[in-house]
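The values are calculated or read from the model by the stated rules, or taken from the named source; none is laboratory data. What you see is a predicted model; the values in this text were computed from it and never measured. Neighbour counts run over all protein chains shown; Cβ positions are idealised from the backbone, glycine included.
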Amino acid sequence: MCPMYSEKVMEHFRNPKNMGEIKDADGVGTVGNPTCGDLMTIYIKVKDDVITDIKFKTFGCAAAIATSSMITEIAKNKTLSEAQKITRDNVAEKLDGLPPIKMHCSNLASDALKAAINDYKKKHK
């Protein structure tokens, strides 16, 4: 095990929650970081302004997979406005911290969620 990651990060990396794709998603957000090569897509289903289902597909390091998993756990059953307020720091805190060099991974997770919400809003004006 890599000592720079918390046990919670390693748990979400080894056993990611909500991994996969929602074929008929109401909103999809994809973001990437060209520097490290991480690529993350978040899929959401929305009913009555609440995220009822959320899944992710991530190509990247342990931290990228763990933050993707964690953000789906945080955002599920939240209203769109609550979910839009989830920050990278919220994600890192829930994972018991990330090494400073890996904080960009939690940026991707919150950015991908916001992109999925914005996609949903565009489609459902």
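The table below gives the values:
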{"quantity": "Count - residues of segment 42-64 that are at pLDDT 95 or above and in a helix (DSSP H, G or I)", "calculated": "0"}
{"quantity": "Residues of segment 100-125 classified as over 17 Å from T41 (Cα atoms) and surrounded by 15 or more Cβ atoms within 10 Å (Cβ to Cβ), total", "calculated": "2"}
{"quantity": "Scan of segment 28-48 for residues that are surrounded by 21 or more Cβ atoms within 10 Å (Cβ to Cβ) and either out of contact with any helix residue (DSSP H, G or I) (no Cβ under 6 Å at 6 or more places or on another chain) or farther than 15 Å from P99 by Cβ (or both), ordered by number", "calculated": "G29, M40, I42, Y43, I44, V46"}
{"quantity": "Meets criteria (among the charged types (D, E, K, R), assigned to a helix (DSSP H, G or I), surrounded by fewer than 16 Cβ atoms within 10 Å (Cβ to Cβ) and modelled with pLDDT under 95) for D89", "calculated": "yes"}
{"quantity": "Residues of segment 14-27 that turn out to be surrounded by 19 or more Cβ atoms within 10 Å (Cβ to Cβ) and part of a strand (DSSP E or B), as a count", "calculated": "1"}
{"quantity": "Total residues in segment 49-83, condition of a type in the set (S, T, N, Q) and either buried (at least 17 other Cβ atoms within 10 Å of the Cβ) or in contact with a Phe, Trp or Tyr (Cβ under 6 Å, 6 or more places away or on another chain) (or both)", "calculated": "5"}
{"quantity": "I74 being of a type outside the set (S, T, Y), part of a loop (DSSP other than H, G, I, E, B), out of contact with any strand residue (DSSP E or B) (no Cβ under 8 Å at 6 or more places or on another chain) and on the phi < 0 side of the Ramachandran plot", "calculated": "no"}
{"quantity": "Among the candidates A92, A83, A75, A109, residue that is in contact (Cβ under 8 Å) with a residue 40 or more places away in the chain and of a type in the set (G, A, S)", "calculated": "A109"}
